[in-house]
Amino acid sequence: MSLRALVHYDPRIWQLSIMGSLLCLGVVFRDFSLQPLQILLTFVAGILTQKFFLHTRQLHARGLLSALITCFGLCLLVRSSTLWVHPILASLAISSKFLLRIHNRHVFNPANLGVILGLTLFPETWVATGQWGSDLSTALWLIAGGFWVAGNAGRLDISAYFLLFYTTLFFAIRIGWYGYPLSVMLHQLQNGALLLFAFFMISDPMTIPLHPWARILHAFIVAVFAYVWQYGLYKNQSLIWALFFASLLVPLWNVLFTGPAYQWRSS
Amino acid sequence: MFYLPALLISGVPLKEKIVLRKLTTLTMLLWLPLTAQAFCGFYVAKADTSLYNQASQVVIVRKEDKTVLSLMNDYQGDLKDFALVIPVPQVLQQGQIHIGDAKLFEHLDNFSAPRLVEYHDQDPCQPMVAYAMAPGSDAMTKYKSDRIADRKGLGVTVEAEYTVGEYDIVILSAKESDGLETWLTSNGYKIPPGASVALEPYIKQGLKFFVAKVNLAEQSKTQLKFLRPLQFAFESPKFMLPIRLGMINAKGPQELIVYALTEKGRVEANNYQTIKLPSNLDIPVFVKNEFSDFYKAMFDVQVNKHKLSAVFTEYFWNMGWCDPCAAEPLAPAELKQLGVFWLSPEQFSGAGLPVQITRMHLRYTADSFPEDLMFQETGDTQNFQGRYVLRHPWQGKPEQCEAAQTYFKQLHERHVQEAKTLAELTGWDLANIRQKMDLKDQSSTQTQDKQWWKSLW
């Protein structure tokens, strides 16, 4: 099977390989402060939780790719001084897919919820937003571009709209009105956390609105919320919090704007 | 701690010694070329005198939104030319401004400085280990150290005016950066070109400007040759340090050391990469006499590797203890003076002290740090220190016992590794290092390796 056919078969395979390589790059070259055992435990807990729910609910064996993506997401984002936080978060995040459901869809992107739970429940847990150096960010841009071209998730419109709204806000207020130099904007765009969020978290087709117009609205809400959270309230992890709160509105958008349910092609 | 096993023989510790050496900012500064100032504000010269400042040190004490900022600079120019402009979130009252004690910076510097530790290998023929610690000798760090009328129509308001210690302080608010620039210029300050562009974002966000000059009469009363640190206490949701203004008249990379004192965890930059410096490495013993050179070269390598765009963590520890100690931890009374407001007077020092210290070191240019530094207090509580280890070989001979032969073989391998480590860390020439260490060349080791069977029976 060619790469294109493979990606066409299920874009999550492409996403998994990208996240996996980013994790390797980060751990090996970037001082990600992540222990191998933390990674291992995350995956063990994540896969076991997925298996547990599939078994108890007598569902067909599926969703393993999504569980792996959640585990990669948590490893890339969450940092902790202890070993047990990562596996607990992986379990909680994946459980949420089965337990927090409205209209037969899960409400939160599991990795997003996992990070929120980590930040709120466990004191020795944090998100290192500055961990991406500019060189790795450049790589991420290239990869994301590749993902864009090859990716057939069919929901990448939301990544583009989100980046468009967020950078427009940033440009209009901080560069246009406040008068910061353009280099500040470029520095922002190089932030790996922003790109990772845009391409691999907000784009999760299972938790975003089904209708294209609602997706634009959703992207707009996330962008405005994130900007206000960071630059109006001076709080951290703005993207993560913005998606968390905006996700609560998605069931409403799905009632107001109906659209066909999303199915991973391989499912 | 993990690297100091204190095994006892008949209850008596052997007299092995670890000598500590720490690198203070001073020792680093001595090797730095004179560069223009680096600070969170910028200096505005009133005359054409060249102003130089080699490195700045900032202490940020923060819990929730309450912040105490202490600024220490190594200002070298004429005192009458000194002036400092810093954006502040609110009009500060006189009681919020304080003159700090330079000795506290010195103590903090000594306490958190990268350190060299020294061990002596034990006699391999008597395989027992014991280490004891000798107190570190404190290296001394020495720090060298007009009334303004408002003009109407410029949109500049003098919100407050105080004389605190040797400083004349004005707090300004401005509506336009051009107006502020004109105001400062017409009040005798020489504004570096580009100042108004850099001032504008702060004005648009409603920040005030803290402008300090030296009151020469008050300064002479202090009988000090240096300027004492300025401290101010304020509340702000922003955990940040405005470094951009300081780059306007900068003539090269700037050096900044930030000590963050927080209650819970390590502090890191939010909008730049924060990296722990390589640490806990064995290096050749000759470095003992050139530790400053070593550290400076290593820092250069790291800074260049990350293209001057990373923040380096040099130390993170609980403020109540240390291991090994480069200097005694600061007493609760000293911490209180630095602004640690949540300590109660009867607080005992020790491992449970609710104060963590993060020491960050950065070298930056206007291009590599386009934004002010934003920080976050993480949940990280794992200790970290810049620590470099010298291991002195045992002075016996291979013939003394069988274990001694193995020891010398391993010693050679260790030396080879130490040389490699040093070359990688500093970029120094490996051949030179090996020569300084009096290391035999590779071929003799290879010959030994070829006769591996010698130690078989």
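Every number here is computed from the coordinates shown, using simple stated rules; none is lab data. Bear in mind that the values here come from a model prediction, so they are computed numbers and not experimental data. Cβ: placed from backbone, ideal geometry, glycine included. Neighbour counts: every protein chain shown.
How crowded by other chains is A:119-130, given as the mean number of beta carbons from other chains within 10 Å of each beta carbon?
On the way: counts 1, 0, 0, 1, 4, 7, 4, 8, 4, 8, 8, 13.
Shielding by partners across A:119-130 averages 5.
Hey, got the average number of other protein chain Cβ atoms within 10 angstrom for residues in B:369-381?
Values: counts 2, 9, 8, 2, 0, 5, 2, 8, 2, 10, 13, 8, 4.
Neighbouring Cβ atoms belonging to other protein chains average 6 per residue here.
Shielding by partners for B:419-425, please: the mean number of other protein chain Cβ atoms within 10 Å of each residue's Cβ.
On the way: counts 0, 0, 0, 0, 0, 0, 0.
Average neighbour count from other chains, rounded to a whole number: 0.
If packing is taken as the mean number of other Cβ atoms within 10 Å per residue, what is the order of B:168-179, B:220-231, B:104-115, highest first? Write out the running numbers ahead of the final one.
Values: B:168-179: 18.8, B:220-231: 16.9, B:104-115: 23.8.
The most tightly packed comes first, giving B:104-115, B:168-179, B:220-231.
Checking the table B:LYS276/B:LYS296; A:LYS235/B:LYS305; B:LYS63/B:LYS208; B:LYS296/B:LYS420 against a 24 Å threshold on Cα-Cα, which pairs fail? Please report the intermediate quantities before stating the final value.
Values: B:LYS276/B:LYS296 16 Å; A:LYS235/B:LYS305 31 Å; B:LYS63/B:LYS208 22 Å; B:LYS296/B:LYS420 18 Å.
The answer is A:LYS235/B:LYS305.
Across the Cα atoms of region B:201-249, what radius of gyration and what greatest pairwise Cα-Cα distance (Dmax) are found, in Å?
Cα radius of gyration and Dmax of region B:201-249 are 14.8, 41 Å respectively.
As I understand it, the dipole of region A:33-127 uses +1 on the Cβ of Lys and Arg and -1 on the Cβ of Asp and Glu, about the Cα centre. Which of A:GLN50, A:GLN38, A:LEU113 lies farthest toward its positive end?
Value computed over the given set: A:GLN50.
Counting other Cβ atoms within 10 Å, which trypsin sites (Lys or Arg not before Pro) in region B:230-320 have at most 13 and lie in a DSSP loop?
The qualifying sites are B:LYS251, B:LYS307.
Over what distance in Å are the Cα centres of region A:156-227 and region B:328-380 separated?
34
Quick one: grab the alpha carbon gyration tensor of region B:333-407, order the square roots of its eigenvalues as a ≥ b ≥ c, and give me rounded if a/c is under 1.5, else prolate or oblate depending on whether a/b is larger than b/c. Intermediate values should be presented prior to the final figure.
Values: a/c = 3.82, a/b = 1.74, b/c = 2.19.
Verdict is oblate for region B:333-407.
Filter the cross-link list B:LYS204/B:LYS251; B:LYS103/B:LYS436; B:LYS264/B:LYS288; B:LYS66/B:LYS251 down to pairs whose alpha-carbon distance in this structure exceeds 32 Å. Provide the component values of the computation, followed by the final result.
On the way: B:LYS204/B:LYS251 27 Å; B:LYS103/B:LYS436 38 Å; B:LYS264/B:LYS288 35 Å; B:LYS66/B:LYS251 34 Å.
Flagged as over cut-off: B:LYS103/B:LYS436; B:LYS264/B:LYS288; B:LYS66/B:LYS251.
Highest mean first, how do A:252-258, B:338-344, A:157-163, A:52-58 rank when packing is the count of other Cβ atoms within 10 Å averaged over residues?
In descending order of packing, they fall as A:157-163, B:338-344, A:252-258, A:52-58.
Gain in length, B:ASP438 to B:VAL416, computed as 0.36 nm per residue apart minus the alpha-carbon separation, to one decimal in nm? If you can, show how the numbers build up before the last one.
Numbers: separation 22, 0.36 × 22 = 7.92 nm, distance 1.07 nm.
Going from the current span to full extension adds 6.9 nm.
State the answer as a single residue: which of B:ASN432, B:THR378, B:LEU422 lies farthest towards the positive end of the charge dipole of region B:338-457, with beta carbon charges of +1 for Lys and Arg and -1 for Asp and Glu, about the Cα centre.
Projecting each Cα onto the dipole axis, the largest value belongs to B:ASN432.
Using a Förster radius of 60 Å, what is the FRET efficiency between B:GLU218 and B:ASP282 based on their Cβ-Cβ separation? Nearest 0.05, please. Walk me through the intermediate numbers first.
Details: r = 51 Å, r/R0 = 0.86.
FRET efficiency, B:GLU218 to B:ASP282: 0.70.
Please state the charge dipole magnitude for region A:33-127, taken about the Cα centre, from unit charges on C-beta atoms (+1 on K and R, -1 on D and E), reported in debye and rounded to the nearest 20. Mind showing how you got there, number by number?
Numbers: 7 positive and 1 negative charges, 79 e Å.
Dipole about the Cα centre, nearest 20: 380 debye.
So if we plug the beta-carbon distance of A:LEU83 and B:ALA333 into 1/(1 + (r/R0)^6) with R0 = 30 Å, what FRET efficiency do we get, rounded to 0.05?
Values: r = 38 Å, r/R0 = 1.27.
Once the sixth-power term is evaluated, E becomes 0.20.
Between B:CYS125 and B:LEU456, what FRET efficiency follows from the Cβ-Cβ distance if R0 is 25 Å, with the result rounded to 0.05? Could you put the intermediate results ahead of the total?
Values: r = 21 Å, r/R0 = 0.85.
FRET efficiency, B:CYS125 to B:LEU456: 0.70.
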